[in-house]
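Below: one structure, written as structure tokens.
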Amino acid sequence: MTTSSTQNRLIFVVGPPRSGSTLLMRMLSSHSEIYSRPEPHLLTPLAHLGFYDNVNRAPFDHLQAGQALAEFVGDLPRGEEAYLDALRAYADRMYAGIISTQGKPYFLDKTPAYGLILPFIAKLYPEAHFVILTRNPCSVWDSYAQSFFDGDYKSARDFNPILNRYVPAMADFMRTATVPFLHVRYEDVVSSPEETLQGIYAHIGIEHEPESVNYGAAPKPAEGGLGDPLGVAKHSRPVTSSLQKWANHVAVDSDKEVMLREMVALLDPRDITTWGYDRKQLFE
């Protein structure tokens, strides 16, 4: 396997939308050795070029392109490994370029869509540092609907049923991963942030800086990307006030509770367990 000098300087914080990844990014990028930009999506297009996966629609015949690419790669000396080397060369140039603009040796890429392409990233950068972030699926869904659809569960589900996409994809990776990763839960991030950060820094292999929990005292990451449109900027360190918001919302709206229970019922209990939760206790 060909590796690169860049990959051990990469940190991937991967969680679904509305899982608290922006909060965790802000704390980690307050560390003196970590730099981050909001959601660069650098690897998402590479994963869907056709060799590993395709987009659903494209302004060209994406299925034909995928077949052609697979045949081309099949004729390369070293085949798939040569293809990964080529993709890695591109990504290395981009990541190394952004790292060179800062006085920090590590770059943190926090892009929620990476939760759907984790096996590809693990092939591309097996020596990177992976932090997998999960959150109570009920809380993820409610926050998603509240943040982007004014609390309209049906419109949110029609647009993107994120639970049905992210929960199984990330759970499968956590069960089958061939690369080291650290699993943290949002609930622990906000309830025990110092301890959580200490574990993450140990996983990366850098010194623990307890003051990084106070992300509001550090310079904000570069502007751009999507990130958290609501909560993170309101505070300077983690708070637990969001833990029960979802329960409060469904308690006063039976239609929302019914829809949420229907969505959770479609999830494999094993996947929810892998995320660190018990489906039978989610609504208790």
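Helices (runs of 4 or more DSSP H) fully within the stretch 238-284 that include at least 1 residues being small (Gly, Ala, Ser): 245-251, 254-265.
Residue under question is Arg26, and the condition is that it be open to solvent by less than 60 Å² (accessible area, probe 1.4 Å), under 27 Å from Ala145 (Cβ atoms), in a loop (DSSP other than H, G, I, E, B) and not aromatic (Phe, Trp, Tyr); does it hold? Judged against the criteria, Arg26 is not a match.
Residue-level check: of (1) assigned to a loop (DSSP other than H, G, I, E, B); (2) surrounded by 12 or more Cβ atoms within 10 Å (Cβ to Cβ); (3) at pLDDT below 95; (4) not charged (D, E, K, R), Ala65 misses just (1). Candidates Leu69, Leu63, Leu42, Leu76: the one that is hydrophobic (A, V, I, L, M, F, W, C) and within 30 Å of Trp275 (Cα to Cα) is Leu42. For the stretch 73-85, taking the residues that are in contact with a helix residue (DSSP H, G or I) (Cβ under 9 Å, 6 or more places away or on another chain) and surrounded by fewer than 17 Cβ atoms within 10 Å (Cβ to Cβ), the one that is nearest to Tyr52 (Cα to Cα) is identified as Glu80. Looking across the stretch 36-62, the residues that are buried (at least 18 other Cβ atoms within 10 Å of the Cβ) and farther than 24 Å from Gly15 by Cβ come down to Gly50, Phe51.
Taken over the stretch 97-124, the criterion of being closer than 22 Å to Glu80 by Cα and either of a type in the set (A, V, I, L, M, F, W, C) or assigned to a strand (DSSP E or B) (or both) is satisfied by Leu116, Ile117, Leu118, Phe120, Ile121, Ala122, Leu124. Can Lys110 be described as of a type in the set (Lys, Arg) and open to solvent by less than 10 Å² (accessible area, probe 1.4 Å)? Judged against the criteria, Lys110 is a match. Considering Ser242, Ser236, the condition of being under 20 Å from the mean Cα position of the chain (by Cα), closer than 30 Å to Glu194 by Cα and at pLDDT below 95 is satisfied by Ser242 alone.
Could you tell me whether His203 is within 16 Å of Ile11 (Cβ to Cβ), assigned to a helix (DSSP H, G or I), modelled with pLDDT of 95 or more and touching a Phe, Trp or Tyr at 6+ places or on another chain (Cβ under 9 Å)? Spelling it out, His203 is indeed within 16 Å of Ile11 (Cβ to Cβ), assigned to a helix (DSSP H, G or I), modelled with pLDDT of 95 or more and touching a Phe, Trp or Tyr at 6+ places or on another chain (Cβ under 9 Å). Within the stretch 125-142, the set of residues being crowded, with 24+ Cβ neighbours inside 10 Å, of a type outside the set (D, E, K, R) and part of a helix (DSSP H, G or I) comprises Pro137, Val140, Trp141.
Of the residues in the stretch 159-179, at least one is touching a residue at least 40 places away in the same chain (Cβ under 8 Å), small (Gly, Ala, Ser), open to solvent by less than 10 Å² (accessible area, probe 1.4 Å) and assigned to a helix (DSSP H, G or I). For the stretch 36-62, filtering for residues that are in a loop (DSSP other than H, G, I, E, B) and within 29 Å of Gly97 (Cβ to Cβ) leaves 14.
Within the stretch 217-233, the residues that satisfy the criterion of being of a type in the set (A, V, I, L, M), over 20 Å from Glu194 (Cβ atoms) and either part of a loop (DSSP other than H, G, I, E, B) or modelled with pLDDT under 60 (or both) are Ala222, Leu226, Leu230.
The values are calculated or read from the model by the stated rules, or taken from the named source; none is laboratory data. What you see is a predicted model; the values in this text were computed from it and never measured. We place every Cβ from the backbone using ideal geometry, glycine too, and count neighbours over all the protein chains shown. In case anyone asks, the SASA skips ligands and DNA or RNA and just uses the protein heavy atoms, side chains included. Shrake-Rupley method; radii C 1.70, N 1.55, O 1.52, S 1.80 Å.
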